[in-house]
Amino acid sequence: MSSGRINIGDHARDFTLEDTQGRFTRLSDYEGQQIVYLIFNRGFT
């Protein structure tokens with residue numbers, strides 16, 4: 001059973017996010033590039 005723990009160097013599962021303009025982007029769209037996702041919870045803004 002997986003503990004759900006993420007370690008440095010682990011590969012992330014593909015996921016899709018919606019931006020503030022309603023456009024969707026997938027992590028796999030950026031394969032081979034170095035990226036950083038900053039996610040802010042609306043409850044804290």
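All of the numbers you see were taken from the coordinates with simple rules; none came from a lab. None of the values given here were measured: they were computed from a predicted structure. Cβ coordinates were reconstructed from backbone atoms using ideal geometry, including for glycine residues, and neighbour counts include every protein chain displayed.
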TODO: Please pull out the direction-averaged projected area of the chain, using the convex hull of its alpha-carbon atoms, in nm² to one decimal place.
DONE: 5.0
- [ ] Quickly work out the residue 25-to-residue 10 label distance, labels modelled 7 Å from Cα along the C-beta direction, and quote it in nm with one decimal.
- [x] 2.3
Open item on the list: I'd like the Karplus ³J(HN,Hα) series for the stretch 8-22: coefficients 6.51, -1.76, 1.60, θ = phi - 60°, whole numbers in Hz, and an x wherever there's a Gly or Pro.
Closed with: 4, x, 5, 7, 7, 5, 5, 8, 10, 10, 9, 8, 5, 9, x
Open item on the list: Can you pull out the chymotrypsin sites (Phe, Trp or Tyr not before Pro) in the stretch 4-45 whose DSSP state is coil and whose Cβ has at most 15 other Cβ atoms within 10 Å?
Closed with: 15, 37, 40
